[in-house]
Amino acid sequence: MSIAARKLYWITAAVFLMIVFLSYHKSTVPYSADRTANTDVGQSQDYDDNDGDYTSGDGDNIYSGDNKTPSGTSGNTSPNPSIPNPPPTVAATTPLPNTSGKYDTLVVIPSSWTQIQNRQWVRETVFGIRDNLEPCKKNDGNIIYKFYIYGRSTWAKSAIHSPEFNQAMVRDLYGEFMEFNDNTFTNTTVADKSAIWGDALNWAITTYIPANKIQVDKVLIFDSTTIVNLPKMEEVVKASANPNGFLHIWGGADLTTFAAMISFDAADQILKHRAQIKINHPNEDVISAASTFYAKNPAAFKIVRVTGQLWASNVDQISADAAVVGQVYQREDWRRITDKLSIKPTPACAVDENRKKNIALLTSSYIYVDMCMAEASLPSAENKRTYADQHGYDFVARAAEFAQEEHRGRRLVWGKIGAIQKVLPHYQWLFWMDMDAVIADLDKDLRAIIQTAEEEKGTNGEEISLIVARPKRDKMLNAGVMLIKNTEWSRAFFNEVQTRAPWYHKSSYEQAAIWEVMNEPKWASGVYLYDGDDHTMNTFPKLYANGDFVIHFAPAGCPSVPVLAALAKIKAGESALGIGAE
């Protein structure tokens, strides 16, 4: 080979390797699958508890936000004006925890109760939240988001909205509320949808901000059928900010508003004039109406209205530099548009460096088709979430692993094992609780239970990975309450439990499978059993005594009524003694 040919060969090889390298490292926004839908509507599996990476996207594809207040914007009048600015975000990573009480932007997203999937698209596209395995903790980032979810209006008049359809939607909605603590729910019939934005803005300014004792520089509002490119919106607003505040609107030619970014002071003024604004514009949302009202009654703050693209079912018509695209209802369209706009999520959650050293309280958010626990599901989750918050634990609720059991052909209660396997890698310990188990003593610390088990196991070097209890009169453990440590042993143990096919449909199900496996010599070293113990970890209503930790309502029928009664007593600081004992 000649010298010239060799040079050409090596140059070509170098170019090829460079292309491969750049292609491999190109930023993308992965799209996760839908939250698994409930698929058992109309089927016969009734309530049966059988006991008788929050991921914030790729590191190089995340918008870190701009925590600097745009020139001239102002925050709300806080009782403590000395609160310092929030810490700067870390470029290309999720932000550090923000404990300042001051935030750059409150994002408020009005959304119909039926638009569950839309809200998941917003979480993923705008904030990089793909799941709840590592839940977003309270007041973490430099932005806060909340969905303002409102009830149905005239949907019941449509034949498609049958009682069965509504039941399935309610089950999914309640599951969402348990899994994501990121909404306020207005459970009323909505006759005037044009009022929703005003109601949502009013809730944000007059209720949410004062109740949480925070400051925000501006509010971003858009509904859950709108795709927003928050980094681009921030750039546009920064360039047009005004010392007296601003109202920046993205909307259609017919004055329809798709999204609006409003300085706090401007939002406050709009709400004060809300009745006047709506007099001549009763069928418009308050933001659209305000832009017309203040044209005739000039405001101190600056109003800018730009074109926001209306989705016309053709992605080629979407400009690659668009900041807002309105009225997008289908998942396939949402993905095409977000891909074209190359949207980088703006993290609303901070990295928790101690999460893998911590405990998560894990429960089911799956409501069975018989709706037995529907009414008690949210109060039960609130009880567990309150306890977790009090002790610095995470709260995680999962439905997808239960729903998938319908396709696996097993009793749905086996979803408990899948949920444990899914969440376990993210924490040091999991505390599993069935939905019908409630915490009676909110002051009791799980670490004390773990410590007692470890001390009683002895000092022979054996590591405890599973802590369970067997009631005095039961032939096996009660799997409604369990502590599981994140170890190789526990991962192998639950893999083995999953293989016990004889129990897929046989009474006692996953509970019997756990008991069978844990009593085999191979697994004995990793288990601590509170044997004949009705009080330390778990007790039934008939045996409950004041001071016991958990009451597990596991009757032959539906436990909803005693669960609700006990939760009401516990929340009021009263004793639940005797409830459900008859």
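Using the Cβ of Ser194 as centre and a radius below 14 Å, the other residues enclosed give a net charge of -3, where K and R count +1 and D and E count -1. Charge tally for Phe493 (other residues, Cβ to Cβ under 15 Å; Lys, Arg +1; Asp, Glu -1): -2. Oblate is the label for segment 358-508, because the ratio a/c of its alpha-carbon gyration tensor axes (a ≥ b ≥ c) is 1.5 or higher and a/b is not greater than b/c. The residues Phe293, Phe549, sorted by heavy-atom accessible surface at 1.4 Å with ligands and nucleic acids left out, run Phe293, Phe549 from largest to smallest. For the pairs Lys232/Lys278; Lys218/Lys571; Lys444/Lys569; Lys137/Lys422; Lys213/Lys344; Lys357/Lys422, note any where the Cα-Cα span goes beyond 25 Å. Lys232/Lys278; Lys218/Lys571; Lys213/Lys344, as the Cα separations exceed 25 Å there.
Residue by residue, segment 143-148 carries 3J(HN,Hα) couplings of 10, 10, 10, 9, 8, 9 Hz when phi is fed to the Karplus relation 6.51 cos²θ - 1.76 cosθ + 1.60 (θ = phi - 60°); x denotes Gly or Pro. When the chymotrypsin sites (Phe, Trp or Tyr not before Pro) in segment 311-402 are filtered for DSSP coil states and for at most 12 other beta-carbon atoms within 10 Å of their beta-carbon, the remaining sites are Tyr329. As a ratio to 2.2 N^0.38 Å, the alpha-carbon radius of gyration computed for segment 315-361 takes the value 1.78.
For a paramagnetic label modelled on Ala448 (point 7 Å from Cα along Cα→Cβ), amide N atoms under 17 Å away belong, within segment 392-415, to 392-393.
Calculated over segment 283-363, the projected area of the Cα convex hull averaged across directions stands at 10.9 nm². Electrostatic bookkeeping for Gln327 treats Lys and Arg as +1 and Asp and Glu as -1; over the other residues with beta carbon under 13 Å from its beta carbon, the sum is -3. Here is the size of segment 188-229 from its Cα atoms: Rg then Dmax, 12.3, 32 Å. Evaluated at q = 0.23 Å⁻¹, a Debye calculation over the C-alpha positions of segment 511-566 (equal weights, vacuum) places log10 I(q)/I(0) at -0.95.
Think of segment 320-470 as a dipole: +1 on every Lys or Arg Cβ, -1 on every Asp or Glu Cβ, centred on the Cα centre; then among Leu361, Gln330, Trp414, Gln330 lies furthest on the positive end.
For a label point 7 Å from the Cα of Val561 along Cα→C-beta, name the residues of segment 336-377 whose backbone N is under 19 Å from it. Residues 370-377 fall inside that zone. Specify whether the C-alpha gyration tensor of segment 176-322 places it in the rounded, prolate or oblate class, a ≥ b ≥ c being the square roots of the eigenvalues: rounded for a/c under 1.5, otherwise prolate if a/b is larger than b/c and oblate if not. Here segment 176-322 falls in the rounded category. Sequentially through segment 128-133, phi angles give Karplus couplings (6.51, -1.76, 1.60; θ = phi - 60°) of x, 9, 9, 7, 10, 4 Hz, Gly and Pro residues having no value and appearing as x.
The values are calculated or read from the model by the stated rules, or taken from the named source; none is laboratory data. Keep in mind the model is a prediction, meaning the values are calculated, not measured. Quick reminder, even Gly has a Cβ in these numbers, built from the backbone with ideal geometry, and neighbours come from all protein chains shown. These accessible areas exclude ligands, DNA and RNA; they are computed on the full protein's heavy atoms, side chains included. Shrake-Rupley method; radii C 1.70, N 1.55, O 1.52, S 1.80 Å.
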